[in-house]
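Student: Can you keep this structure in mind? I'll have questions shortly.
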Amino acid sequence: MESNQKSGDGLTGTQKEVSLRALIQRTGYQLLQENGQRRYGGPPPGWEGPPPERGSEIFVGKLPRDLFEDELVPLCEKFGKIYEVRMMMDFNGNNRGYAFVTFTTKNEAKTAMKQLNNYEIRNGRLLGVCASVDNCRLFVGGIPKSKKREEILMEMKKVTDGVLEVIVYPSAADKTKNRGFAFVEYDSHRAAAMARRKLLPGRIQLWGHAIAVDWAEPEVEVDEDTMATVKILYVRNLMLATTEETIEKEFNSIKPGAVERVKKIRDYAFVHFTQREDAISAMDAVNGKLVDGSPVEVTLAKPVDKDNYVRYTRGTGGRGGALLQGEYTYTLGQVYDPSAAYLGAPVFYAPQKNYVISLIDLWICIDSYTIFQILEDVCQKNNWGQPVYQLHSAIGLDQRQLFLYKVTIPALATQYPNVHPFTPAKLCTAVDEAKVHAAEHALQTLGLQTEGAEASSAAVAAFPGML
């Protein structure tokens, strides 16, 4: 691909040319534009050694389109030394509504993130700021459940480059089978981005099966002060038949009476303790033990503010949140306006870093003619593939369990990536309610009604060119 790097410093004729030249004269940083982005620094003058550590970059969203480095840099400089600013630009010379700012240390980035999120940059314009992560992991759904980890690893290495490992979890119903999906780890973000493009639905099949591919959602870091108060454990890889009573007994065996309550969902559970030190002791003691014959994984749960949860789950970012351009993906707002975008991820994560544990692949098969069957029929009649339901869970600040489903339709994920996955803006207190709400939301987003048999034919008008 040709680079469209501008000659010289790339500032001649740009908006706010005088102000930008004054900025680089003051700081000594370079400002260059190429391939749809303008880079300030990276590295800064006099920098020696490797780039800053992972976690030093933040994503700054909801920027006014006529705001540039002459305003953003002085604002960010208040919180630490800037290593680099990458502002995404359009062909008209405006920014695309977001930028990435890298500080020289992780602590500076954390401070900036806290101070700048919801900062009023202009009258009535609040910034959306969160951590940016080089995501190297993909979610691949539609894998035959009979396939073993070694077979999946071999197949992924055959069809994509840079594969380091695959993470496969056993089925909740049958531990000899996988769940129909895997997480694939690559040696770089670029390798993962190239693999994602190659594996998009319709381009390739695995073992003769259509697949659904997306970024595995990167972990949103919870500050140390908050994590130091957590008294809830996340327990995964339980048998479906394992009861809450069995789990409570297992953890209470470490210290009788330490468990306050247990909430089990399918093959994972949240165990609440009265005292944090008892939770830590139980985590160390039970992690890896056999419970009803299945080795369980135990880690601390990560709390979330339920008011912010939906915006943290509205998309999965290849680098923590970019627009659907080039190598980057970008989570979109309620009306899918990139300028209103804000990115992040769900709350509870597996021990392996940077992907979601509460992502459960539910290839729904329901006998009764329900809202799920309506959506399934629409997809079948339009040859869109089977809907994939992904369950996310969180514990609100009031300690209630909250649930949210996302729905992915394989064929539409390629043709209409801006609206995938379908993510409702409502958290529910019951799993069944969350699933119904997600199916209804998907149909409504498709422009369909949830009543009557006309839904499948109406889909043709809502999403033309798919038949």
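Student: HN-Hα J couplings of segment 180-185 from phi, Karplus 6.51/-1.76/1.60, θ = phi - 60°, integer Hz, Gly and Pro as x?
Tutor: Per-residue couplings from phi come out as x, 8, 8, 9, 10, 9 Hz.
Student: Right, next: Residue by residue through segment 46-52, which ³J(HN,Hα) values in whole Hz follow from phi under the Karplus form 6.51 cos²θ - 1.76 cosθ + 1.60 (θ = phi - 60°), with glycine and proline marked x?
Tutor: x, 6, 10, x, x, x, x
Student: Taking the solvent-accessible surface of protein heavy atoms with a 1.4 Å probe, what is the per residue accessible area of segment 137-215 in Å²?
Tutor: 44 Å²
Student: Related question: Can you send over the carbon and sulfur percentage of the accessible area for segment 224-300, probe radius 1.4 Å, protein chains only? Intermediate results must be reported in sequence, preceding the final value.
Tutor: Details: 1810 of 3690 Å².
Carbon and sulfur atoms account for 49 percent of the accessible area of segment 224-300.
Student: Counting only protein heavy atoms and a 1.4 Å probe, tell me what percentage of segment 18-131's accessible area is made up of carbon and sulfur.
Tutor: 47 percent
Student: I'd like the carbon and sulfur percentage of the solvent accessible area for segment 371-446, probe radius 1.4 Å, heavy atoms only, ligands and nucleic acids excluded.
Tutor: Values: 1180 of 2510 Å².
Accessible surface attributable to carbon and sulfur in segment 371-446 totals 47 percent.
Student: Now a separate question. Calculate, for segment 18-131, the solvent-accessible area per residue in square angstrom, rolling a 1.4 angstrom probe over the heavy atoms of the protein chains.
Tutor: About 45 Å² of surface per residue is accessible.
Student: What are the residues whose amide H is under 5 Å from the amide H of E34, where those residues sit 5 or more places off or on another chain and H is modelled from the backbone?
Tutor: R39
Student: While we're on this one: For each pair in K231/K406; K78/K110; K157/K381; K110/K302, compute the distance between the two Cα atoms and list the pairs where it is over 23 Å. Don't jump to the answer; show the numbers that get you there.
Tutor: Details: K231/K406 28 Å; K78/K110 13 Å; K157/K381 34 Å; K110/K302 17 Å.
Cα-Cα > 23 Å for K231/K406; K157/K381; rest within.
Student: Here's a follow-up. Which of the lysines could be linked to K175 by a straight reach, that is with a Cα gap under 24 Å, when you skip same-chain ones fewer than 8 residues away?
Tutor: K145, K147, K148, K249, K263, K264, K289, K353
Student: Let me ask another. Relative contact order of segment 18-131, please, whole-number percent, based on alpha carbon pairs below 8 angstrom and at least 6 residues apart.
Tutor: It comes to 29 percent, rounded to a whole number.
Student: OK, next. Pop a pseudo-label 7 angstrom from the Cα along the beta-carbon direction at both S19 and R54 and give the gap in nm to one decimal.
Tutor: So the label points at S19 and R54 sit 3.7 nm apart.
Student: Determine ³J(HN,Hα), in whole Hz, for all residues of segment 113-125 in sequence, where each value follows from phi through the Karplus function 6.51 cos²θ - 1.76 cosθ + 1.60 and θ = phi - 60°; x replaces Gly and Pro.
Tutor: 4, 5, 6, 8, 5, 6, 6, 7, 6, 9, 4, x, 10
Student: Skip the ligands, DNA and RNA, and give the accessible area per residue of segment 371-446 with a 1.4 Å probe, whole Å². It would help to have the intermediate numbers written out before the result.
Tutor: Values: 2510 Å² over 76 residues.
Per-residue accessible area for segment 371-446 comes out at 33 Å².
The values are calculated or read from the model by the stated rules, or taken from the named source; none is laboratory data. Predicted model, so just to flag it, every value in this text is computed and none were measured. Positions of Cβ are generated from backbone atoms using ideal geometry, with glycine treated the same way; all protein chains shown enter the neighbour counts. Side chains are part of the model used for accessible areas, which takes the heavy atoms of the whole protein and leaves out ligands, DNA and RNA. Shrake-Rupley method; radii C 1.70, N 1.55, O 1.52, S 1.80 Å.
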